[in-house]
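Here the structure comes first, spelled out in structure tokens, and everything after it is commentary.
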Amino acid sequence: MGVTIFFTVAIAVGLLSFAGAAGLVIVSVISLAGSIVLTGALVTAVSDARDGRIDLSVGETISRAWPFILPLLGAGILASIGLLIGFILLIIPGLILMTFWFVIGPCIVLERTGVLDAFSASRRYVRGNAWTVFGVALLSLLVVVIAGAVVGVVLAWLPVWLSQFLTTLVQGAVFAPFYAIVVTLTYFSLADARAPEPPASTS
């Protein structure tokens, strides 16, 4: 699925690498849009596969994610601003926000919450499990950052357009799905932990 979405994104990125600063801005927007679509689609796909069966095709999964693109975009922008401010202040506030906002995406897609309500819902899920979620969030982020840096070094000798094309494709095929799946599985783990236990049998 990541390849399906990001192959088109990668072609656009490769072509726009010749467009200078304006191309860089457009590339950033296109990459962000691709990541958001992929996040929504993967959340839907993981939810679909929870019963052990895959009922939706790739096209159906992506189409189901479309209604959540704008809420995911809004939440992503707000979260990015908050995390940036938090990391600029003392780093620790940024880590705290990263932890408590970790499952915003699944809250929007699976619970159909609004943008602001998703922040509150994520915080409720994480409360009581903050250290576990922090460890998962930090480890998965480090894996993505380090792996991305390695790919960048390996592809640095290629022409700029080809390097950007391949980097974007790898990001969409491997890194973005990995992070989105970790977030979604964390959400389900937290949701299952909060679910009330069935009443004990009296027989």
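Could you list all residues from segment 49-105 that are modelled with pLDDT of 75 or more, β-branched (Val, Ile, Thr) and either in a helix (DSSP H, G or I) or farther than 24 Å from Leu141 by Cβ (or both)?
Ile69, Ile77, Ile81, Ile85, Ile88, Ile92, Ile96, Thr99, Ile104
Taking the condition at pLDDT 90 or above, among the β-branched types (Val, Ile, Thr) and under 17 Å from the mean Cα position of the chain (by Cα), does Val136 pass?
For Val136, the condition - at pLDDT 90 or above, among the β-branched types (Val, Ile, Thr) and under 17 Å from the mean Cα position of the chain (by Cα) - is met.
If you check Thr186 against the conditions, is it more than 14 Å from the chain's Cα centre (by Cα) and closer than 22 Å to Ala41 by Cα?
In short, no.
Need the failing condition index for Ile146 against (1) farther than 26 Å from Ala65 by Cβ; (2) buried (at least 17 other Cβ atoms within 10 Å of the Cβ); (3) modelled with pLDDT of 80 or more, just the number.
Only one criterion in (1) farther than 26 Å from Ala65 by Cβ; (2) buried (at least 17 other Cβ atoms within 10 Å of the Cβ); (3) modelled with pLDDT of 80 or more is unmet by Ile146, namely (2).
Yes or no, residue by residue, for (1) in contact (Cβ under 8 Å) with a residue 40 or more places away in the chain; (2) surrounded by 18 or more Cβ atoms within 10 Å (Cβ to Cβ); (3) more than 12 Å from the chain's Cα centre (by Cα); (4) closer than 21 Å to Thr44 by Cα:
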position: Trp66; (1), (2), (3), (4): no, no, yes, yes
position: Pro71; (1), (2), (3), (4): yes, yes, yes, yes
position: Gly74; (1), (2), (3), (4): yes, no, yes, yes
position: Leu89; (1), (2), (3), (4): no, no, yes, no
position: Gly105; (1), (2), (3), (4): yes, yes, no, yes
position: Glu111; (1), (2), (3), (4): no, no, yes, yes
position: Arg127; (1), (2), (3), (4): no, no, yes, no
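Would you be able to say whether some residue in segment 143-153 is under 18 Å from the mean Cα position of the chain (by Cα) and in contact (Cβ under 8 Å) with a residue 40 or more places away in the chain?
No, segment 143-153 contains no residue that is under 18 Å from the mean Cα position of the chain (by Cα) and in contact (Cβ under 8 Å) with a residue 40 or more places away in the chain.
Keeping to segment 185-200, report how many residues are in a helix (DSSP H, G or I), at pLDDT below 85 and of a type outside the set (Asp, Glu).
Result for segment 185-200: 2.
The values are calculated or read from the model by the stated rules, or taken from the named source; none is laboratory data. Worth saying up front: this structure is predicted, and the values here are computed from it rather than measured. Here the Cβ is made from the backbone with ideal geometry for all residues, glycine too, and neighbour counts use every protein chain on show.
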